[in-house]
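Below you'll find the structure, written out as structure tokens, and then a few comments.
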Amino acid sequence: MSTVAKKVIMGSGAVAEFGIDQSLIFEGDGSAGGSGGKLSKSPSSSGNLKTWTYSTWVKIPNPASDGIGQYLYGFSNYPNSYSQSSISINGAGALRVVSDQYASFNLTTNRLLRDSSAWYHIVAAIDTTQSTAANRLKLYVNGVQETSFAISTYPGLNAESAINRSGHIQNIGYTNSYYVRQQLAETHFINGSQLTPSSFGETNEDTGQWIPKKYSGSYGTNGFYLKFASGAIGTDSSGEGNNYTASNLANS
């Protein structure tokens, strides 16, 4: 099943005037080895393997109704094998960042993201050079740091992950042989910095809602910014030229 780019308007308010004009709908069937669309890239050289930040806005189907994990970003050393690292919302609705190769870690929230009508802003930020284990990997939802976990295994000091590693396929919309069902917008990957949500969003002082704002920092090696623009779904708008290849994706 193909996926479709669709117009969205988000984030305009008293604090800032910044609208997100485009999103990308992934219409995967959710079955192992099934069908769907994806974005993928294999870095030609390794970036910073210890420090990075991933930020995206996501709208998901009700996980309680289909029980299928929604992989936001996955990494594998084979194009069609199981993922060694991933950022996902699991079948129950918990936000999860996990790696079982190179750096070993697993943060799975007790909080469940089950509002299928809402946009969630997700930030995962890692810096394994931090001396305190809990500071090495942080998760945020709508600007608030998650602190209650069903599983909390932090990466070791100076551990290196599969993320940004040369020869490892980086997938969006696909991993673990599953094509996902979800909608993404305003996706950033910052290589070399562990950032907080304030780099990507802010609170609307009139409504109290968490809204997006324009990111103004650098991206680093293998960093990217995906706007999901029509006709250029996988084009990197960061200036780093880290474009993703679109497979079975349509513009509409």
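The values are calculated or read from the model by the stated rules, or taken from the named source; none is laboratory data. Given the structure is predicted, the values throughout are model-derived calculations rather than measurements. Cβ coordinates were reconstructed from backbone atoms using ideal geometry, including for glycine residues, and neighbour counts include every protein chain displayed. These area figures cover heavy atoms from the full protein model, side chains too; ligands, DNA and RNA do not enter into them. Shrake-Rupley method; radii C 1.70, N 1.55, O 1.52, S 1.80 Å.
Structure notes:
- Residue satisfying all of: in region 39-74; of a type in the set (A, V, I, L, M, F, W, C) and at pLDDT below 60; farthest from SER238 (Cα to Cα) among these: ALA64
- Restricting attention to region 198-215, the residues being farther than 23 Å from LEU139 by Cβ and of a type in the set (S, T, N, Q) number 1.
- All positions within region 150-164 that are in contact with a strand residue (DSSP E or B) (Cβ under 9 Å, 6 or more places away or on another chain) and open to solvent by 40 Å² or more (accessible area, probe 1.4 Å): ALA150, ILE151, SER152, THR153, TYR154, GLU160
- If the condition is being open to solvent by 40 Å² or more (accessible area, probe 1.4 Å) and of a type in the set (A, V, I, L, M, F, W, C), then region 83-122 contributes ALA92, LEU112, TRP119.
- Strands (runs of 3 or more DSSP E) contained entirely in region 145-252, each with at least 1 residues that are within 17 Å of the chain's Cα centre (by Cα): 169-172, 181-191, 201-203, 210-212, 224-226, 245-247
- In summary, TYR179 fulfils each of the numbered conditions (1) in contact with an Asp or Glu (Cβ under 8 Å, 6 or more places away or on another chain); (2) buried (at least 19 other Cβ atoms within 10 Å of the Cβ); (3) closer than 19 Å to TYR120 by Cα with the single exception of condition (3).
- Within region 194-252, restricting attention to residues that are open to solvent by 40 Å² or more (accessible area, probe 1.4 Å) and of a type in the set (Val, Ile, Thr), the residue that is modelled with the highest pLDDT is THR196.
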